[in-house]
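In what follows, a single structure is set out as structure tokens and then discussed.
The values are calculated or read from the model by the stated rules, or taken from the named source; none is laboratory data. Computed from a predicted model, the values in this text were never measured in an experiment. No Cβ is skipped: glycine too gets one built from the backbone with ideal geometry, and neighbour counts run over all protein chains shown.
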Amino acid sequence: MTISQELLTQASQFSEELIALRRALHKEPEFALDLPKTQEKILKAIDGLGEITLGKNLTSIVLVIEGAKPGPTVLLRADMDALSVQEETGLDFASTNGFMHACGHDLHMASGVGAAKLLHQNKDKLSGKVAIWFQPGEEGHHGADVMIEEGMLEITGERPVAAYGLHVFTALPIGAITTKPGPMMASAGDLHATFYGSGGHGSMPWLSKDPVTPMVEAISSLQVMLNKTFDQFDPVILNVGWIRAGDTATTNVIPDTASFGATVRTFSEVNTKKLHDLAPKLIHSIADAYGIKAEVSFSQATKVLMNDPGAVERVRKVAKELVGERGYQDMEHPIAGGEDYASIVAEVPGAFVFVGACPPEIDHTTAPTNHSAKAMFDDSVIPLGAALLASLAFEHLG
């Protein structure tokens, strides 16, 4: 029996405790960077397992477990925050506070606690240290960047030699594991554009400066620009999510302003920089042609999540030991979702791993997806997540 298989057997012995923790976390989710009740539950669960450091500007936790022998540090990460979603699952432990763990972060935390228990239980076999990050603010609030700014990468006195994180998905059958080297998830950010015209009567548009028409033309032209100037084998996604102009109570008024917001996804830093250069030029040129002004801004984007090939090889090895040859599959293509774990692997070689958590009675090909108000995750997968994280630490420190 391999060490990873031993760890999975051990994890199953306290699975009820981990599942109970997950359900308590699920019932009382919290949003963004300030998660005091979530932090309290995690601190109680990891009490006595190692040295604990709390964040200053967010309610993060870093647990350091030191092995019996000296050696390097490995980082494991579990995100903590929920989404602003009103839950519609009907579960007896469903949230009722207007937030929801619709992306499975409650399972990530329980898996992280399970990994901590396994590593503490087997620390006599460890040569080095494991820093387990419990991180708030993954859902667009850049919690990983805040923790990096607060020096948590150097919490043991040295930078980790590797970092690992996992993410559960309803679109994968329960217990399936997948990852890929290189770009795995996109850089994700927002583009906002506002067009400033001069309002007037809709019957006499030549006496005004209509901002709506150039806005519509800009939205259309941006899609053409993507097709004509970017390599289609290094894709860029720009999708307009909202448009605002005028008043729905009347149609005969030309508004002073019109604006739109779009999500932007890229898979390389080259294309991120290129889009940030070309999109404003295009929008301003269209506005100028209509004799109006435009403002264009981009939000802070997550980085492209780049998996280290060596770390992915370790994931393959461990995953196949845990779930067999059929249970592990290489990802063929990256996905366009964003993930601030990318900031960690931009600093430390590592890998992100997807784990299937779709309940077996639901068809994973049609199941409500992550972020849906109806998304459901089978928490029997938590011991596997715990063993996977702990095993990856042992790959470096065993």
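Taking the criterion of being assigned to a helix (DSSP H, G or I) and farther than 20 Å from Lys293 by Cα, the residues of the range 197-237 that qualify are Gln223, Val224, Met225, Leu226, Asn227, Lys228, Thr229.
Selection of the range 133-150 for residues being under 22 Å from Gly50 (Cβ atoms) and in contact with an Asp or Glu (Cβ under 6 Å, 6 or more places away or on another chain) yields Gln135, Pro136, Ala144. Residues in the range 329-348 that are in a strand (DSSP E or B) and either charged (D, E, K, R) or crowded, with 19+ Cβ neighbours inside 10 Å (or both) were compared, and the one that is farthest from the chain's Cα centre (by Cα) is Asp330. Of the residues making up the range 59-84, just one is closer than 27 Å to Gly140 by Cα, in a loop (DSSP other than H, G, I, E, B) and over 17 Å from the mean Cα position of the chain (by Cα), namely Thr59. Considering the range 153-179, and only residues there that are small (Gly, Ala, Ser) and under 25 Å from Gly50 (Cβ atoms), the residue that is surrounded by the fewest Cβ atoms within 10 Å (Cβ to Cβ) turns out to be Gly157. The conditions of being in a helix (DSSP H, G or I), more than 21 Å from His141 (Cα to Cα) and at pLDDT 95 or above are met by Ser111.
Within the range 369-388, the set of residues being within 17 Å of Phe93 (Cβ to Cβ) and either not β-branched (Val, Ile, Thr) or not in a helix (DSSP H, G or I) (or both) comprises Ala373, Lys374, Ala375, Met376, Phe377, Asp378, Asp379, Ser380. Residues in the range 85-97: is at least one under 21 Å from the mean Cα position of the chain (by Cα), hydrophobic (A, V, I, L, M, F, W, C) and under 21 Å from Ala357 (Cα atoms)? For the range 85-97, residues under 21 Å from the mean Cα position of the chain (by Cα), hydrophobic (A, V, I, L, M, F, W, C) and under 21 Å from Ala357 (Cα atoms): present. Scanning the range 271-304 for residues that are under 28 Å from Glu347 (Cβ atoms), β-branched (Val, Ile, Thr) and either assigned to a loop (DSSP other than H, G, I, E, B) or modelled with pLDDT under 95 (or both) returns Thr302, Val304.
Of the residues making up the range 349-363, those that are over 26 Å from Phe233 (Cβ atoms) and either surrounded by fewer than 18 Cβ atoms within 10 Å (Cβ to Cβ) or acidic (Asp, Glu) (or both) are Pro359, Pro360, Glu361, Ile362, Asp363.
Scan the range 180-196 for residues that are in a strand (DSSP E or B) and surrounded by 17 or more Cβ atoms within 10 Å (Cβ to Cβ) and the total you get is 11. Here Glu28, Glu87, Glu16 are screened, and the one residue that is surrounded by fewer than 15 Cβ atoms within 10 Å (Cβ to Cβ), farther than 23 Å from Ala131 by Cβ and in the same structural domain as Asp145 (by TED's automatic domain parsing) is Glu16.
Just to be sure, is Glu321 assigned by TED's automatic domain parsing to the domain that holds Cys103 and either touching a helix residue (DSSP H, G or I) at 6+ places or on another chain (Cβ under 6 Å) or modelled with pLDDT under 95 (or both)? In short, yes.
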